[in-house]
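Each remark here refers to the structure printed beneath this line.
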């Protein structure tokens, strides 16, 4: 640790808080929001909540700070909170409105902060004056980002009356129910000051921080608990404890830490400001950077956004990341030299080239659980966690509960992992937020049948569930994946997988059983991934203008197998992509591109009329071909999210690669019917 940090004066917050300012109620009614921005304070009846206006549920980080706003990585973000918030068909909050309004707290309904792990969202709120977030329940990563920055959070709506009369509120009201470490992070006003105090304590200075020892006795454990136990630090700072149970909190040693160009620059600025420009990252060989989000931005950025200087800002993100990587000696998977595009999307490359069973990996993206498909624990973290992990090589965690999801039976030939996850997302248990911050452990005969690539769709979209992570216990298919993709020997691959299974009597917060045989192809209708519906239950045909197959969720080898199978079938029948539809297929990595070349898929795609795109996150974050440009435009996409405005102003349906390709050929949303009902080959 840098000597300057050991000598820094660290103080805790006062034990009482006073909030001087107004309260912004994020309601479903845009007129009520406009009235608040104009200076009116809404009445709020805490005792009779049925008398109050309906609050917006499911406010995503895409709505708090739309993707293009994240090109800013300083206090300018304070001009933009909630500028993507949609109420009906309106976006009532404009640049500077919140900051000018003098608001100190923001109130909303269920699942506040769902979606992306972008810490720009709570940072924008903080810079606009928001010091307290009140909501019915709050997503894990967003809540942790708030805590790391010093923004207080609560689900106690009685705080509203206390704030309005200027009552002092004990800080303990915001730490109730939190583990000892989270409590101290809140008391110190953020993760960085807490970590400095922690390091000073470890250096033998005045004892400032209490790290609770993990003393859990012998017990049956889930696969996730076993991996956490291997990585948790004990009271001596050594790696590994015998057992953990849900609720055990501490710091876990990471095997790999990665970030992309949306987050690295902001984290680098924090690192240089708080630690020092000449300071070195702890063990740079275990850190990986990616330039994977914005390589096609110039093709879709509107003239209005160009005039805001956003294209130049996006270029600055790239340059800052490159400079920091070079100075720190960190591996950067960047842009291609000979053509437009990137080496690969971070999650795709991590699965193909880095992650192994039993590891604990963290990344600056909510879809970091992608690599749980190979049997490791991986979860998304925010910017402050990223830069703190560069210092300490560990992250704070509270061992989560697990939900076991068992898919029994054999799936239909035209049903995929994407259909499985869309079904799960539509279940009341998940839609109401009861799976928040829990490990989603997928099992059962139908999961065992899936390739590792398909399993990655399930673990990737644990993010949409709001889960801590997703995981599948490694098996023979995992061993084969490691041998084929990594050139690993069978003995070494099997060694990595050894002991990675849940004990038969392990405890779960919930067991969900699904009959895979009853599932037919699904879509999620526009607005939320939880709007799952069987295609055959759509009342009328839905014409589509754009079909998009790509992103980390659907740009893998197995996904390419599916696009190719559908288009090859179409060509045999004398069909191709409908004239009324544009079909984009985007690789997740260069490895997948090479796979398609070897399999002859590029010829199939071209002959069928699909447009092939080099790897990048692209349309999923409104940063590449495949985005909508009109509110009435219908898109069917194999990506993971369809939050309002995330991929343009149009109507975005989510579906499997099979459904997306079949719909591109038909020109409207349709189930794929394999020729002769043959089984599909997946990688």
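Quick notes on this structure:
- Cα-Cα pairs of region 256-398 separated by more than 20 Å (percent): 48 percent
- Taking each residue as 0.36 nm, the span from residue 489 to residue 219 lengthens on full extension beyond its C-alpha to C-alpha distance by 93.9 nm.
- With Cα atoms defining each centre, region 134-155 and region 186-251 are spaced 21 Å apart in the structure.
- Within the chain, percent of DSSP bridges classed antiparallel, to nearest 5: 25 percent
- Shown is the FRET efficiency for residue 180 and residue 236, computed with R0 = 22 Å from the Cβ-Cβ distance and rounded to the nearest 0.05: 0.80.
- Burial order of peptide ranges 389-400, 327-338 (average beta-carbon count within 10 Å, highest first): 389-400, 327-338
- Between residue 606 and residue 633, the distance separating the two model label sites (each 7 Å from Cα on the Cα→Cβ line) works out to 2.6 nm.
- Of interest is the spacing of the C-alpha centroids, which for region 1-76 and region 476-511 amounts to 43 Å.
- Computed [θ] at 222 nm, helices only, for the chain once each DSSP H run of length n ≥ 4 contributes -39500 (n - 2.57): -9000 deg cm²/dmol
- Beta bridge orientation in region 19-167: antiparallel %, DSSP, nearest 5: 15 percent
- Mean separation of Cα contacts under 8 Å (6+ apart) over length of region 256-398, as relative contact order %: 30 percent
- Overall form of region 356-503: oblate. Here a/c, set by the Cα gyration tensor axes a ≥ b ≥ c, is 1.5 or more, and a/b is not larger than b/c.
- Relative contact order for region 19-167, counting Cα pairs under 8 Å that sit 6 or more residues apart, in percent: 27 percent
- For the chain, the relative contact order comes to 13 percent (Cα pairs under 8 Å, sequence separation of at least 6).
- Gyration tensor (alpha-carbon) shape descriptor, region 19-167, a/c threshold 1.5: rounded
- Additional length obtainable on full extension of the chain from residue 533 to residue 507, 0.36 nm per residue less Cα span: 6.2 nm
- For region 466-611: rounded, prolate or oblate by the Cα gyration tensor [a/c cutoff 1.5]: oblate
- Mean projected area (nm²) of the alpha-carbon convex hull when region 229-337 is viewed from all directions: 10.2 nm²
- Antiparallel %, DSSP beta bridges [both residues in region 256-398], to 5: 5 percent
- Among 355-366, 309-320, the order from most to least packed when residues are scored by Cβ within 10 Å on average: 355-366, 309-320
- Debye equation applied to the C-alpha atoms of the chain, log10 I(q)/I(0) at 0.09 Å⁻¹: -0.74
- Using the average count of surrounding beta-carbon atoms within 10 Å as a protection proxy, the listed peptides 257-269, 240-252, 477-489, 11-23 rank, highest first, as 257-269, 240-252, 477-489, 11-23.
- Between region 315-340 and region 552-605, the Cα center-to-center distance that results, in Å: 29 Å
Each reported figure results from applying straightforward, stated rules to the coordinates on display, with no laboratory input. As the structure is a computational prediction, the values presented were derived from the model and not from experiment. Neighbour counts are summed over all protein chains in view; Cβ atoms, including those assigned to glycine, are modelled from backbone coordinates with ideal geometry.
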